[in-house]
Amino acid sequence: MSPEPANLPQTDASQAKIVAQDVDVFYGEKQAIKKVCLTVNEREVTALIGPSGCGKSTFLRCLNRMNETIPDCRVEGTVLLDGIDVYQALDPVQLRARVGMVFQKPNPFPKSIYDNVAFGPRIHGLVSRPDEVDEIVHHSLQRAGLYDEVKDRLQEPGTGLSGGQQQRLCIARAIAVSPEVILMDEPCSALDPIATARVEELIEELRDEYTIIIVTHSMQQAARVSQRTAFFHLGDLIEVGPTEEIFTSPREKLTQGYITGRFG
Amino acid sequence: MPHIVKSFDEELDRLRETLVRMGNLTRQQFGRALEALVQQDSLLAKQVGEGDGEIDQLEHAVNDQVVRVLALRAPLADDLRTVVASLKIASDFERIADYAANIARRSQLLNAHAQLPAIRTVRRMGTLVERQIEEVTAAQLERDAGKAVAVWNNDLAVDESYSSLFRELLTYMMEDPHTIGPASHLLFIAKNIERIGDHTTNISEMVYFVITGKYIEGDRPKSDSSSFPNV
Ligand SMILES: Nc1ncnc2c1ncn2[C@@H]1O[C@H](COP(=O)(O)OP(=O)(O)O)[C@@H](O)[C@H]1O
Ligand SMILES: [Mg+2]
């Protein structure tokens with residue numbers, strides 16, 4: 001059996017939700033992502049792993065054009081969402097509604113819990129009547145597994161919640177605009193094990209509806225939540241494959257060295 | 001390449017050492033059981049029986065070390081394969097040692113009878129298997145996948161020598177019913193040796209898996225012993 005080249009799309013195009021082709025990212029002169037080709041399957045969780053500074057967050061931001069908000073950042077190559085070129089054929093605001101993002105540090109707006117969730121649907125004009133807003137807020141909080149904990153204090157500020165609750169609030173906020181893809185950049189790095197377990201359980205539940213890409217520094221987390229894992233090193237995509245294979249028998253020495261704690 | 005966390009390397013080394021010790025001790029037990037059989041040495045046979053406890057203890061030690069590493073280090077990739085395979089390898093060694101003790105016990109019963117000429121075939125077969133245990137332990141210690149494959153392939157010779165021994169013993173028993181007692185003891189012993197060969201083959205598969213992350217390709221070579229009941 002000939003080894004699969006690590007940098008080719010490896011999955012059946014029919015399940016491909018996002019296809020990145022030869023993506024380069026530069027910060028000024030410095031190249032942070034090098035000719036990365038990666039296919040992300042629909043309704044799967046894909047984990048991005050690799051040492052700090054290898055370009056995971058940079059790559060994640062390419063997928064919803066968040067890099068454009070960074071001065072001096074230049075993206076080359078192609079990113080397709082359902083086969084459509086996101087840089088050529090989509091408006092960034094619409095794109096970000098379809099490809100939502102959850103960050104490392106929970107960042108609720110300084111508004112009520114209710115308004116945090118209602119904000120997106122309102123600005124995207126997804127709702128007009130108050131009962132529609134209620135419905136979306138309710139549903140999104142439910143889906144994020146937070147509703148029961150906050151239903152009696154929806155008008156209190158989101159910033160008053162615990163870290164884990166804030167992160168689930170941010171997930172509810174992302175869900176509220178009905179995205180197809182959710183990007184998560186180390187969503188649990190500021191959470192304790194119980195709050196982490198809740199978010200992981202949530203990711204598992206969300207997988208039936210959404211395509212999820214998660215950056216994580218925890219190998220165990222990647223192993224627990226993802227179906228596919230991609231390993232980055234110094235801006236290169238070294239290896240991508242079924243999570244089980246990556247963590248039991250990676251093909252590349254570099255992957256093995258990293259995940260077993262021999263370098264980092 | 002060593003791990004960043006040095007104590008992790010130490011724990012993995014300790015696990016490997018325990019297994020190699022188990023391998024050496026197991027081979028020694030088996031070698032002594034064979035010698036007790038061939039030399040009709042009841043005292044040695046008794047010592048083999050007494051030595052079995054130490055191997056059981058080593059298996060427990062492996063189990064404890066594995067649980068500890070899994071809990072504290074959450075190993076992955078080749079480390080994970082090493083740790084999980086250790087459990088299986090230890091259990092195979094333990095079974096081999098059990099068979100060795102069994103052979104020693106049965107050899108004591110045989111000492112009441114005159115030795116059958118077939119003892120030479122048994123000894124040949126036993127020496128072959130002892131060499132297999134030695135090779136598989138070396139494959140593990142030296143992380144030598146080629147050696148593991150060689151052990152795996154050599155099991156065919158063990159199976160073949162069991163088949164021919166089976167025929168030989170059957171012939172004695174048909175010619176002279178008085179030999180049925182000792183011949184059936186020898187037959188059970190030969191079967192034990194053949195099973196030891198199988199466990200050694202299992203270990204070679206595990207060693208190969210640890211090193212390569214893959215299973216040895218192809219069907220295991222099997223001699224045609226289908227005309228004999230699987231006693
Ligand atoms: N806004 C920025 N301006 C300049 N360089 C950046 C910026 N963000 C990231 N980088 C650089 O790009 C590389 C990849 O960073 P990043 O994508 O944050 O890595 P990771 O998320 O894997 O830790 C690093 O060398 C980092 O210093
Ligand atoms: Mg990052």
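Here are the numbers for this structure:
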{"item": "1.4 Å probe accessible area per residue over segment B:23-122, in Å²", "result": "43"}
{"item": "Apportionment of accessible area to carbon and sulfur, the protein assembly as shown, percent (1.4 Å)", "result": "51"}
{"item": "Exposure rank, largest accessible area first [B:HIS178, A:HIS124, B:HIS3, B:HIS185; 1.4 Å]", "result": "B:HIS178, A:HIS124, B:HIS185, B:HIS3"}
{"item": "Rule-of-thumb Rg ratio for chain A [Cα; 2.2 N^0.38 Å; N residues]", "result": "1.00"}
{"item": "Modelled label reach - A:ASP22, point 7 Å along Cα→Cβ, segment A:59-94 residues with backbone N closer than 18 Å", "result": "A:74-81, A:84-89"}
{"item": "10 Å Cβ neighbours from other chains, averaged over peptide A:254-261", "result": "5"}
{"item": "In nm, spacing of pseudo-spin labels at A:ASN107 and A:ILE84 (7 Å Cα→C-beta vector)", "result": "2.6"}
{"item": "Pairwise label distance in nanometres, B:LEU43 with A:ARG251, each label 7 Å out on the Cα-Cβ vector", "result": "6.3"}
{"item": "Solvent-accessible area per residue for chain A (1.4 angstrom probe, square angstrom)", "result": "44"}
{"item": "List B:ARG95, A:ARG168, B:ARG123, ordered by accessible area with a 1.4 Å probe, largest first", "result": "B:ARG123, B:ARG95, A:ARG168"}
{"item": "Accessible area of B:ASP64 in the full protein assembly, 1.4 Å probe (Å², nearest 10)", "result": "110"}
{"item": "Angle between chain A longest axis and helix A:163-175 axis [Cα atoms, degrees, rounded to 10]", "result": "90"}
{"item": "Linear extension gain, A:GLU132 paired with A:GLN31, 0.36 nm per residue minus alpha-carbon span", "result": "31.8 nm"}
{"item": "Degrees, to the nearest 10: B:77-110 long Cα axis against longest axis of chain B", "result": "20"}
{"item": "Cα-based helix-to-principal-axis angle, B:145-175 vs chain B, degrees rounded to 10", "result": "20"}
{"item": "Separation of alpha-carbon centers, segment A:119-170 and segment B:186-201, rounded to whole Å", "result": "68"}
{"item": "Cα radius of gyration and Dmax for segment B:6-212 (Å)", "result": "18.5, 66"}
{"item": "Accessible surface buried once A binds B (1.4 Å probe; total of both sides; Å²)", "result": "1100"}
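The values are calculated or read from the model by the stated rules, or taken from the named source; none is laboratory data. Because the structure is a prediction, the values reported are computed rather than measured. Here Cβ is always computed from backbone atoms with ideal geometry, including for glycine, and neighbour counts include all displayed protein chains. Each accessible area value is taken on the protein alone, full model and side chains, heavy atoms only, with ligands, DNA and RNA left out. Shrake-Rupley method; radii C 1.70, N 1.55, O 1.52, S 1.80 Å.
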